[in-house]
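Below you'll find the structure, written out as structure tokens, and then a few comments.
The values are calculated or read from the model by the stated rules, or taken from the named source; none is laboratory data. Predicted, not measured: the structure shown is a model, and the values here were computed from it. Don't worry about glycine lacking a Cβ; one is built from the backbone with ideal geometry, like all the others, and counts go over all protein chains shown.
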Amino acid sequence: MQLYKDQQIHVFNSLSGQKERFQPIVEGHVGMYVCGPTVYSNVHLGNVRTFMSFDMIFRYLKHLGFKVRYVRNITDAGHLENDADEGEDKITKKARLEKIEPMEVVQRYTVDFHNVLDIFNFLPPSIEPTATGHIIEQIELVKSIMDNGFAYEVNGSVYFDVHKFNETEHYGKLSKRNLEDLVHNTRALDGQSDKKNPQDFALWKRAEAQHIMRWPSPWGDGFPGWHLECTAMSTKYLGDKFDIHGGGMDLKFPHHECEIAQNEAAKGCSPVNYWMHANMLQLNGQRMSKTTGNTVNPHELLSGDNKFFSKAYSPSVIRFFNAQSSYRSVLDLTDNGLQASEKGFHRLMDAINLLEELKGDSSSTFNVQEWKQKCYDAMNDDFNTPILIAHLFEAAKLINQIKDNKASLTSEDLGLLKQTLHDFSFDVLGLMNITEMNTGADKLSGAIELLIELRQQARLNKDFAMSDKIRDELAAVGIQLKDGKDGTTFTIN
RNA sequence: GGCAUCUUGGCCGAGUGGUUAGGCAGAGGUCUGCAAAACCUUGUACAGCGGUUCGAAUCCGCUAGAUGCCUCCA
């Protein structure tokens with residue numbers, strides 16, 4: 001019996017603007033596509049937040065027993081910088097600046113991207129396809145759209161005819177716009193354009209002589225348009241119609257809108273049942289921006305080497321911080337917020353570690369089964385991790401009460417509590433148990449146990465100068481002693 | 001300028017038409033040689049102005065602000 005048969009998920013669908021019961025196309029299987037990074041610079045922290053949210057969703061779906069094919073692309077062909085003819089491929093530009101090969105830039109930042117995700121304990125996607133590896137599929141897609149009459153060629157470039165498409169379909173249904181408004185609000189472009197209408201977007205762009213990244217096509221040498229790769233790769237690996245498509249809120253328009261149009265024009269069906277969008281990350285209440293300097297990259301955040309934060313924060317603290325807000329809310333990264341999360345995170349981990357030492361009792365004062373279902377209910381409600389965490393803290397409180405003999409659980413309930421806590425904290429939220437990792441060093445633990453014993457001797461001898469010296473100097477190096485009824489334990493921060 | 005989303009107690013951050021979110025910080029207490037940790041107790045918030053309703057912070061409208069997209073930045 002798979003868990004997903006008991007647990008009914010509801011997801012917020014950007015397309016309908018409301019929560020809907022999640023029903024995969026093929027029972028027990030989920031196809032999920034998430035727009036990946038453009039690898040022309042170090043991965044943006046906001047991008048990491050988006051992927052972190054979908055990593056959590058991927059983890060939960062897997063936990064429920066779904067067979068998930070999770071596809072997250074690598075955009076290595078670069079996006080057009082603008083739709084004008086002088087539009088330049090981002091990767092080409094950067095490469096020229098640095099005097100190296102485009103694919104060298106791509107390689108460097110792809111490696112960096114994977115390093116960052118590893119540090120944050122991401123699960124790798126099932127398939128991580130590259131745009132440059134799917135040029136043929138993209139050309140075929142352009143042909144289909146042209147054959148169906150929704151694209152036209154001008155001077156070696158091919159454009160999607162948005163107005164023609166809008167005659168029979170609604171261009172703008174995802175982002176809640178309509179074409180008339182777009183027409184009225186489009187600013188006059190200075191440059192000359194081959195496009196019939198400003199709303200049209202490129203499917204294929206002719207490469208100018210200096211353009212390094214280029215491929216032969218029926219329309220001459222060129223490169224694929226901005227939105228094409230996601231349609232080509234999502235349908236190749238997940239089918240013409242699949243379950244979940246995710247990405248950052250900023251991609252809703254025009255990127256995802258164009259994906260829908262391309263798919264409908266090429267395949268005659270809307271590609272996705274559930275569109276999910278993760279909200280933006282802010283830094284101190286402001287949007288992150290390279291131009292204003294209000295930005296911090298993942299390495300700087302983790303090392304503490306930045307001007308925004310008082311200290312370094314561990315990857316799990318950042319994950320925990322992220323999970324304390326909904327993926328659909330704007331998340332404001334602040335020093336106070338991270339510090340509060342860090343303390344809460346350590347309290348939760350301490351409780352989970354303490355659970356290992358608890359002994360079962362003859363009866364339970366707490367309904368673990370009911371609590372467990374509340375955890376699932378939280379996740380089933382559009383992956384509500386803040387509520388889940390509230391329930392995890394309820395368990396932490398219970399564990400501390402059991403330690404103080406103010407509550408009790410049977411061995412069976414203890415096992416269930418432990419299993420559930422581990423499932424949600426580590427498997428679903430992807431947290432790492434730092435305390436356990438550190439104390440796993442047996443030699444260090446042994447040394448600390450000895451110091452605890454010496455301190456206890458000193459206390460019995462009323463040599464408080466000595467006992468306090470041991471306590472305080474251990475605290476100074478980040479080892480905290482905790483005196484309880486049944487002896488002293490410690491945690492390493 | 002247009003469209004969209006959001007605005008919650010000292011801070012962060014959920015949620016609901018009438019019942020406790022949770023975390024951090026603060027206060028009091030238990031424990032302790034003193035502390036720390038842990039536990040117990042404690043705060044009655046929902047931008048402003050109107051409206052719908054027996055009742056709204058939760059629904060509707062307007063105003064203000066923030067954010068996103070429309071324009072290179074995830």
The residue from A:361, A:381, A:427 that alone is on the phi < 0 side of the Ramachandran plot, at pLDDT 95 or above and touching a helix residue (DSSP H, G or I) at 6+ places or on another chain (Cβ under 9 Å) is A:427
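Each row is one residue, and each column tells you yes or no for (1) under 17 Å from residue A:73 (Cα atoms); (2) more than 16 Å from RNA strand B (Cβ to nearest atom).
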residue: A:177; (1), (2): no, no
residue: A:201; (1), (2): no, no
residue: A:212; (1), (2): no, yes
residue: A:217; (1), (2): no, yes
residue: A:222; (1), (2): no, yes
residue: A:237; (1), (2): yes, yes
residue: A:244; (1), (2): yes, yes
residue: A:253; (1), (2): no, no
residue: A:264; (1), (2): no, yes
Listed by first then second residue, the pairs whose first member lies in segment A:448-474 and is farther than 15 Å from residue A:491 by Cα and within 9 Å of RNA strand B (Cβ to nearest atom), whose partner is in a helix (DSSP H, G or I) and β-branched (Val, Ile, Thr), with beta carbons under 9 Å and at least 6 positions apart or on separate chains, are A:455/A:470; A:458/A:470
Over segment A:398-424, the set of residues within 12 Å of RNA strand B (Cβ to nearest atom) and touching a helix residue (DSSP H, G or I) at 6+ places or on another chain (Cβ under 8 Å) is A:398, A:399, A:400, A:403, A:407
Scanning segment A:430-449 for residues that are surrounded by 13 or more Cβ atoms within 10 Å (Cβ to Cβ) and outside any helix (DSSP H, G or I), the one modelled with the lowest pLDDT turns out to be A:433
**Asked** If we scan segment A:351-373, do we find a residue that is within 22 Å of residue A:414 (Cβ to Cβ), out of contact with any Asp or Glu (no Cβ under 8 Å at 6 or more places or on another chain) and within 11 Å of RNA strand B (Cβ to nearest atom)?
**Response** yes
Going through segment A:209-232 in order, the residues found to be crowded, with 16+ Cβ neighbours inside 10 Å and without any contact (Cβ under 8 Å) to a residue 60 or more places away in the chain are A:214, A:227
Residue set A:236, A:195, A:176; condition within 32 Å of the chain's Cα centre (by Cα) and either modelled with pLDDT under 90 or part of a loop (DSSP other than H, G, I, E, B) (or both); output residue A:176
Checking A:235, A:168 in turn, the sole residue that is hydroxyl-bearing (Ser, Thr, Tyr) and surrounded by fewer than 15 Cβ atoms within 10 Å (Cβ to Cβ) turns out to be A:168
When every residue in segment A:335-350 that is charged (D, E, K, R) and near RNA strand B (Cβ under 6 Å from one of its atoms) is compared, the one surrounded by the fewest Cβ atoms within 10 Å (Cβ to Cβ) is A:343
Result of the Cβ filter at 7 Å on segment A:322-340, keeping first residues that are charged (D, E, K, R) and partners that are near RNA strand B (Cβ under 8 Å from one of its atoms), at least 6 apart or interchain, is A:328/A:279; A:332/A:282; A:332/A:285
| said: Any residue that is modelled with pLDDT under 90, at negative phi and surrounded by fewer than 16 Cβ atoms within 10 Å (Cβ to Cβ) - is there at least one of those in segment A:316-334? | reply: no
Has segment A:467-482 got at least one residue that is modelled with pLDDT of 80 or more, of a type in the set (A, V, I, L, M) and over 39 Å from the mean Cα position of the chain (by Cα)?
yes
- prompt: Does at least one position in segment A:18-27 carry a residue that is within 9 Å of RNA strand B (Cβ to nearest atom) and within 23 Å of residue A:377 (Cβ to Cβ)?
  reply: yes
Screening A:326, A:341, A:316 for residues that are in a loop (DSSP other than H, G, I, E, B) and within 29 Å of residue A:35 (Cα to Cα) leaves only A:326
